[in-house]
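First up is the structure itself, then whatever we jot down about it.
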Amino acid sequence: TSKMDRHGVEEEDGTNNDERSSSCVWSRRSSKSLYSDIDSLIFSTDELHLSDGTTTNNNNNGNDDETNTSTTTADTLNSDRETVSSSSVPSQSLFNELSDYVQYLREPVTTIPQLNAMLRDYMTRNDISILLLKYYASHPRLTKYTLKTELKRMSYAVRDGEELITDPALIRHRYAPQKTTPEKDLLFRAANQSLLADAIEALSSETALIRPQFHVTARATDCRFFIDLTNYRVRCDCVLQLTSLSRDERWDMGVARIRVMFSLRGGPCYETEIRELDVPLYEEAVLARVANCLRKKRGSMLNLTKGWWCEDRIGH
């Protein structure tokens, strides 16, 4: 049985069973992402009626016991709903937060340097260069993953001396693990979307580019790899589609273009930077609709969490 490593790459045979063609949704999230994984768990608002603070019973046939029981049940449900409502972010407040977030992304002159400083601090503080070198050194099957899976769905160019190779079939044939040096093979292990994982991780927080409180995910819609075997480095230029909400209510809010580079010469070096942010100006009506959807999803999540807790307590 094969298993997935921390970058979503299948270790056993170098392939990923989840074929996502040219796009990949990065879901390597921290525990801070409270609302990031609940799309498949959300009830419809018709089932929850989170905004409704009253419950009525129309089936009272004059039985006082039934009336008392119904009143008690209604009071309990109303109490639960009030708890959910009070815990949810008010729609106006959420609208303002969402508006501030979009405006933040629409000011690249100040936002991009801030995010790049955040990236540099994260990479330095966590010794990502050393960790990546150890990771790729201990995962030889990643070369097969690059050549078998990624090469056919992304753009690759290889510089080998004076030669620039862009033909996928030639790259696959010439740089099979048994036909190249260990150093060059290490670069091919890194030349796939696993190279983006730490950059995405660094950019995912409630104050960064990819904000879990707004259900934002980053989907790589275009990746171009340049493997420089002469200078022993691999570079990836990637377009990240920033998307909010669930698959049924998807809001493609804008794109970020980033560059990631991993080099072996002079010691391992991992560098990443945001090069461009492109987020359009949205009308208030659009932001209000998105904020309302987010509020309902948060309320649904809180209701589900409470239900799981009660069930766990009853079961024990």
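The values are calculated or read from the model by the stated rules, or taken from the named source; none is laboratory data. This is a predicted model, so every value here is computed, not measured. Note that we place each Cβ from the backbone using ideal geometry, even for glycine, and neighbour counts take in every protein chain shown. Accessible surface is based on the protein model in full, side chains and every heavy atom, while ligands, DNA and RNA are left aside. Shrake-Rupley method; radii C 1.70, N 1.55, O 1.52, S 1.80 Å.
Here are the numbers for the structure shown:
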quantity: Computed P(r) (all Cα pairs; the range 205-305; 10 Å bins; percent); calculated: 13, 35, 26, 16, 9, 1
quantity: At R0 = 41 Å, FRET efficiency that the Cβ-Cβ distance of R153 and E206 yields, to 0.05; calculated: 0.80
quantity: Net +/- balance of residues flanking Y101 in space, Cβ distance below 11 Å, scoring K and R +1, D and E -1; calculated: -1
quantity: Estimated distance in nm for a label pair at E163 and A137, the labels positioned 7 Å out from Cα along Cα-to-Cβ; calculated: 2.9
quantity: Solvent-accessible area per residue for the range 222-273 (1.4 angstrom probe, square angstrom); calculated: 42
quantity: Pairwise label distance in nanometres, R125 with N96, each label 7 Å out on the Cα-Cβ vector; calculated: 2.8
quantity: Where a label projected 7 Å from the Cα of T181 along Cα→Cβ would reach, residues of the range 146-164 with amide N under 14 Å; calculated: 160-162
quantity: The range 186-249: trypsin sites (Lys or Arg not before Pro) in DSSP loop, at most 12 other beta carbons within 10 Å; calculated: R247
